[in-house]
Every structure is written in structure tokens, then in C-alpha cells.
Amino acid sequence: MQCSAKIYNSGGWGRFYPCKKKAVGDTVFCKIHNPEYIKAKTEAKEDKWRAEWKVKRAYIELQNTAVRACKEINPDNPLAVAKSLAKMYEALKVAHRELLHAQWEDGLDQIEAALALAEAHNET
Ligand SMILES: [Zn+2]
């Protein structure tokens, strides 16, 4: 039996034409026109979109929080605060690299050393 779905030909004459694929199993639809398949596919797409939006929203929230924090620290020049935080971020990145080779109890020393290193690096 042929699939009973009608496909809209948007590129041509704007008419519906029947799907030429064979119906699968005891359904009257081919694989891609099966309502169960379409539903599952739509839900998967929505789940992916929701997950992506969640990450995006968390990122925006993080950005807003950072901006608010910078304004709280220095309302006249939040950008200066943001720039100093970028230095801190770089320092922590160096510290993290160092920590991978260090014992946890050495962590604070490593962070201090990394901060000094990053500061020296930024001054040159
Ligand atoms: Zn079909």
C-alpha cells in the first residue's frame, strides 16, 4: 500500500501531491510520515532546543550577574572591575593548570604563585 500522506509542493505549483513511498507495517504511512515518528522527532527537536536555551539563559544570567557585581564594586567604572576580573580569570586558569600537577594542600600556594605570575605577565 502507498503512504496516504499528502505533501505540499511549495516550490512548484503550490499543490498537494501524494507521497510515493510505501506504507510501513500496519500503518497507512511511510516511515517519515508516521505520526508517531513525526511526534518523536518533534519532541527530540524541542528537547534539544530546550537544552540549548537553558545553557543560553544560564550564560545570559551569568553575564548579567557579572555586570551587576562590577557595577556594585565600582559604579563609576564597572569596566575597570571587569578588566581586573579578566586578569583574575587568567590567573585562575594558570593556577588550575598548575594544580593538575600539585597536591590539593599546595593549592593555595599555587594560586598565589599563579596570581603573581599573571600579574608579572600583565605588567610586561
Ligand atoms: Zn510518506
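Numbers for the structure displayed
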item	result
Members of the stretch 26-46 found to be of a type in the set (S, T, N, Q) and under 30 Å from the mean Cα position of the chain (by Cα), listed by number	Thr42
Boolean, Ala5 is in contact (Cβ under 8 Å) with a residue 24 or more places away in the chain and within 9 Å of the ligand (Cβ to nearest atom)	yes
Conditions (1) exposed (fewer than 10 other Cβ atoms within 10 Å of the Cβ); (2) at pLDDT below 75; (3) farther than 30 Å from Met1 by Cα; number of the one not met by Asp76	(2)
Residue satisfying condition, being within 16 Å of the ligand (Cβ to nearest atom), part of a helix (DSSP H, G or I) and surrounded by 10 or more Cβ atoms within 10 Å (Cβ to Cβ), within set Lys41, Lys45	Lys41
Selection count where residues are exposed (fewer than 11 other Cβ atoms within 10 Å of the Cβ) and near the ligand (Cβ under 9 Å from one of its atoms), scope the stretch 14-31	1
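Here's the yes/no breakdown for (1) within 37 Å of the chain's Cα centre (by Cα); (2) under 30 Å from Met88 (Cβ atoms); (3) not assigned by TED's automatic domain parsing to the domain that holds Lys87:
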| residue | (1), (2), (3) |
| --- | --- |
| Cys3 | no, no, yes |
| Ile7 | yes, no, yes |
| Lys21 | no, no, yes |
| Lys48 | yes, no, yes |
| Lys56 | yes, yes, yes |
| Gln63 | yes, yes, yes |
| Ala66 | yes, yes, yes |
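The values are calculated or read from the model by the stated rules, or taken from the named source; none is laboratory data. Being a predicted model, the structure only gives us computed values, none of them experimental. So basically every Cβ, Gly included, is an ideal-geometry build from the backbone, and we count neighbours across all protein chains shown.
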